[in-house]
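> Take this structure, written in structure tokens, and hold onto it; I'll ask about it next.
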Amino acid sequence: MRGLHCFRPRERLHVSAQYEQVKKRGRRQRLSHCAVTSLVNGLAYHRLGLVVSRRVGNSVRRNRIKRLLREWFRLNKQSIPLPGKDLVVVAYPGADALSLEALTGELLAVSHIQNERKS
């Protein structure tokens, strides 16, 4: 039970080629505070990539957004149905004003995370 709520290194997108593949082949949905792109990865687990640019705010705000997004993923990755998906979340300005609960509600409402069609 201890490992269920960890955010392991294998669950992160590490290299830009992984981000580019999700960007080119994945399904994207825009939300009010972020955009989510997902792509089935063929693995037994989900992976997360974050994009928070300087236009979102200073380093304190950007780091807060990244902490919130990682916490959302850590707590909710079991509710995203298999097969495993690569998720890239791009934050928009104003995302740092959200609470974890508001962010969770917004991200879990994304239909293609819940029910992505197989391509």
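Every number here is computed from the coordinates shown, using simple stated rules; none is lab data. All of these numbers come straight from a predicted model, not from anything done at the bench. All Cβ positions, even for glycine, are placed from backbone atoms using ideal geometry, and neighbour counts span all protein chains on display.
Condition check ((1) free of Cβ contacts under 8 Å to residues at least 40 places away in the same chain; (2) closer than 22 Å to residue 5 by Cα) across all residues:
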position: 21; (1), (2): no, no
position: 35; (1), (2): no, no
position: 58; (1), (2): yes, no
position: 68; (1), (2): yes, yes
position: 77; (1), (2): no, yes
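> Anything in region 73-95 that is crowded, with 20+ Cβ neighbours inside 10 Å and part of a helix (DSSP H, G or I)? List them, or say none.
Scanning region 73-95 gives 73, 77, 95.
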